[in-house]
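**Q** To start, I am sharing the structure in question, which I have written as structure tokens.
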Amino acid sequence: MSARFGQAFAPSYSDVQTSFHHHFPRSAAGSTPSERGIPMIFPRPVRAISAGVAALALATVLAACGGAETAKQADDGGAPVTGGTLVYLEQQAHTNLYPPSGGFYPNGGILNQITDKLTFQDPETLKIEPWLAESWTSNPELTQYTFKLRSGVTFSDGTPVDAAAVARNFDTYGLGNKALNQPVSEVINNYDHSEVVDPLTVRFHFKKSSPGFLQGTATIGSGIVSISTLDRKFDELGDARNIIGSGPFTVASEVLGKELVLEARKDYNWGPATAKHQGRAYLDTVKIVVTPEDSVRTGSLLAGQGDLIRQVQAYDEKQVAGQNFTIHAPGTRGVNDSIVFRPDNALVSDVRVRQALLKATDTHEVVDTIFSENYPVATSVLAKDAQGYVDLSDKLRHDQDKAKQLLDEAGWKVGADGIRTKDGAQLSLTIYESLPQPQNKAVLQLVAQQWQKVGVKLNVLAGDSGSKTVDSLDPEKTPVSVAMVGRADPDVIKSQFYPKNRDALLQLGGSSQKVKSFVDEKLNALLEAETARTDPQQRLKDVADIQNHLIDQALVIPIFEEPQVFASAPYLHGLSFEAVGRPSLYGVWLNKG
């Protein structure tokens, strides 16, 4: 399978948070089997689904979708043909299409079709290659980057993609726009200002070295949009019709929260320089239908009422593959699906308590019970294919006896009900499930069972989006949280843990509303150093030190490496993915004949 068209940034936002600086709301849509009352704590069930019945729920929505023109399969050596409508079933509705909020996968899945980037990151080699920029240079200190743009590129409204437009994009992403409530992008560090050298040359200046910037220009968060788009308030960018990009598709219509229709831009002719396909997209139309129910997405695909679906649950993979449908599970190359602590909460402020809960967590049991081979057990904070990964398996080894010993040493004694107490307080913690993470409620419920064996209670809450948003920013109410983010660059670890980025630990200077907040000065110094190194090897050493510090202080419990799991019909060809799992539909064609 070719994976030549895409980008390399996929921050999959870990919690519903609304801090102006860096958090973007996620949709509350979606459901897991455990929400529907289906038992989850059993070895990898494969459920039988009546495809025809499941698809019936979408019949009226999909009735208008036409088939593609006949095409010979690529493995038969035939050439692709143009035409047809792709029906893409998405688990959740998009929230906002301001490009830096593209980390939420439903957002990024749309932005990847309607925007282009300055550069392209090959998802296999991770090499940065030309796209809207035909060439670039930087100074030795990596405080200046100069890009020469391709000529003749236009936005879908006819305005040019020139140096002035690109400069405005990165001034917005690098500095934010408080007047329009547009936040700073988490992929851009140390930004100062842009300079328009000539109509097709733009230079970017940084306050100090910014080694991750070049890769940042290839990410979803750096999709180039028109100046008229950037003139809109952040809240207006939840309407896809307000996003004007230069990509291979444009937005034709939208029913907010339900359906989005994309149309091929017929004059598109500026894909990445190394892309096998050039010119307009093969498809005429893409219909994205929000389909929260897992069984409906899967059943519709198997019944021929959908062509491509995202978020195939592990228990459905064998059934889908067994009917000659293709499972795609690209990795996300970033911070693993994890539980993170908020040390501001008195119950978890003692490092011995956090270390005990890390030791009490049996990640192998979680993966073996709930997931498939597409979900490797985490062996560090970062995934194995992430840049800067170090193997910390020994530090993460499950040890229930050690967990009990640490809790005893911390003064927590087992009570009559089996839950530990200290100074009249019960060691009872609360966590909210994260809907975008696969089977997250089942994961947390199993972790709760494991922690109960050492005398700790974990309350797993669903919660409405409003209460979750507020409570997630209060360490007193939410001492533990779910976290994950992907990006094919070492800066991904700063994105997750730095106070002015995602601030997973709710540190001082970040999202926490407490006057006297927790701060980890050593961690923050390492994060700041990593994003300003000009020596690549020193940068990777910093990333290794950060991972060791997070585990030594038991601030994070990595669970598994999270893929993005899709399934496609056997007549769908040319599907590719960026370096962290968003689909590219540019080179897709259908052969339903």
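The values are calculated or read from the model by the stated rules, or taken from the named source; none is laboratory data. Predicted model, so just to flag it, every value in this text is computed and none were measured. Ideal geometry is used to build each Cβ from the backbone, glycine not excepted, and the neighbour counts take in all protein chains shown. The protein model used for the area step is the full one, side chains on, heavy atoms only, and it has no ligands, DNA or RNA in it. Shrake-Rupley method; radii C 1.70, N 1.55, O 1.52, S 1.80 Å.
**Q** Divide the volume of the convex hull of the Cα atoms of region 507-593 by its number of residues and quote the answer in cubic angstrom per residue.
**A** Roughly 185 Å³ of hull volume per residue.
**Q** Using heavy-atom solvent-accessible surface (probe 1.4 Å) with all chains present, what is the largest-first order of E263, E561, E373?
**A** Largest accessible area first, the list is E373, E263, E561.
**Q** Could I ask something else about it? With 29 Å as the limit, write out which pairs from K384/K457; K117/K178; K178/K541 have Cα-Cα distances beyond it, or answer none.
**A** Long pairs (Cα-Cα over 29 Å): K384/K457; K178/K541.
**Q** Can you give the accessible area of S246, probe radius 1.4 Å, in Å² rounded to 10?
**A** 0 Å²
**Q** OK, next. Once fully extended, how much extra length lies between K522 and N177, figured as 0.36 nm per residue of separation less the alpha-carbon to alpha-carbon distance?
**A** 121.2 nm
**Q** Then there is this: Just to make sure I understand: if all protein chains stay in place, what is the order of F325, F249 by accessible area at 1.4 Å, largest first?
**A** F325, F249
**Q** Local charge sum around T291 (other residues, Cβ-Cβ under 14 Å, Lys/Arg +1, Asp/Glu -1)?
**A** -2
**Q** Moving on. Taking H as built 1.01 Å from N, whose amide H comes closer than 5 Å to the amide H of D337, not counting residues under 5 places away?
**A** I559, F560, E562
**Q** Then there's this: With a/c under 1.5 counting as rounded, go ahead and sort region 192-329 into rounded, prolate or oblate using the C-alpha gyration tensor (a ≥ b ≥ c being the square roots of the eigenvalues; past the cut-off, prolate if a/b is larger than b/c, else oblate).
**A** Verdict is prolate for region 192-329.
**Q** If I compute solvent accessible area with a 1.4 Å probe over the protein chains, what percent of it on the chain is carbon and sulfur?
**A** 51 percent
**Q** Under 13 Å from the Cβ of T421, count the other residues' Cβ atoms, weight Lys and Arg +1, Asp and Glu -1, and hand me the total.
**A** Value of the local net charge: +1.
**Q** Kindly provide log₁₀ I(q)/I(0) values, in the same order as q = 0.10, 0.13 Å⁻¹, from the Debye equation applied to equal alpha-carbon scatterers of region 263-393.
**A** Ignoring solvent entirely, the Cα scatterers give -0.59, -0.87.
**Q** By what distance, in whole Å, do the Cα atoms of region 126-187 stretch along each of the three principal axes, largest value first?
**A** 35, 33, 22
**Q** So what's the Cα pair-distance distribution over region 168-244, bin width 5 Å, in %?
**A** 3, 14, 25, 26, 18, 10, 3, 0
**Q** Looking at the chain, what % of its DSSP beta bridges pair antiparallel, to the nearest 5?
**A** Roughly 85 percent of the beta bridges in the chain run antiparallel, per DSSP.
**Q** Hey, another quick one. Which residue, chosen from P490, G509, Q537, occupies the Cα position most advanced towards the positive end of the dipole of region 463-562, where the dipole is computed from +1 (Lys, Arg) and -1 (Asp, Glu) charges on Cβ about the Cα centre?
**A** After comparing all options, I get G509.
**Q** Out of all Cα-Cα pairs in region 120-233, roughly what percent, to the nearest whole number, are more than 18 Å apart?
**A** 49 percent
**Q** Normalised by the residues of the chain, what does the relative contact order come to in percent, with Cα pairs under 8 Å and at least six apart?
**A** The normalised contact order for the chain reaches 24 percent.
**Q** Continuing with the same structure: Rounded, prolate or oblate: pick one for region 267-334, where a ≥ b ≥ c are the square roots of the eigenvalues of its C-alpha gyration tensor, a/c under 1.5 means rounded, and failing that, prolate if a/b is larger than b/c, else oblate.
**A** Judged from the Cα gyration tensor, region 267-334 comes out prolate (a/c at least 1.5, a/b above b/c).
**Q** If all Cα-Cα distances of region 410-527 are sorted into 5 Å bins from 0 onward, what percent lands in each bin, rounded to whole numbers?
**A** Here the calculated profile for region 410-527 is 2, 10, 16, 17, 19, 18, 13, 4, 1, 0.
**Q** Let me ask another. Taking amide hydrogens as modeled 1.01 Å from N in the peptide plane, which residues meet the under 5 Å criterion relative to L458, leaving out close sequence neighbours?
**A** HN-HN under 5 Å from L458: L429.
**Q** When the scattering of the chain is computed by the Debye formula from its Cα atoms alone, each counted once and equally, what is log10 I(q)/I(0) at q = 0.12 Å⁻¹?
**A** -1.19
**Q** Send over a whole-number figure in Å² for the accessible area per residue of the chain, probe 1.4 Å.
**A** 34 Å²
**Q** Based solely on its DSSP helices, what 222 nm [θ] is calculated for the chain when runs of n ≥ 4 H residues each add -39,500 (n - 2.57) and the sum is averaged over all residues, nearest 500 deg cm²/dmol?
**A** Mean residue ellipticity at 222 nm (helix-derived): -6500 deg cm²/dmol.
**Q** With the convex hull built on the Cα atoms of region 475-539, state its orientation-averaged projected area in nm².
**A** Averaging across all directions leaves 4.9 nm² for the Cα convex hull.
**Q** Right, next: Scattering from the C-alpha atoms of region 210-286 alone, worked out with Debye: what is log10 I(q)/I(0) at q = 0.12, 0.26 1/Å?
**A** -0.44, -1.26
**Q** Moving on to the next point. Pull up all non-local amide H partners of Q387: gap of 5 or more, or a different chain, and H-to-H distance under 5 Å with H placed in the peptide plane.
**A** D489
**Q** Further question: For T201, what is the net charge nearby, where nearby means another residue's Cβ is under 13 Å from its Cβ and Lys, Arg count +1, Asp, Glu -1?
**A** -1
**Q** Still on this structure, please answer the following. Helix 536-552: angle to the longest alpha-carbon principal axis of the chain, degrees 0 to 90, nearest 10?
**A** So the helix axis and the longest Cα principal axis differ by about 40 degrees.
**Q** Using all alpha carbons of region 314-467, what is the percent of pairwise distances in each 10 Å bin, ordered from the shortest bin to the longest?
**A** 10, 34, 34, 17, 5, 1
**Q** Got the relative contact order for region 363-418 handy, in percent, Cα pairs under 8 Å and 6 or more residues apart?
**A** So the answer I get is 20 percent.
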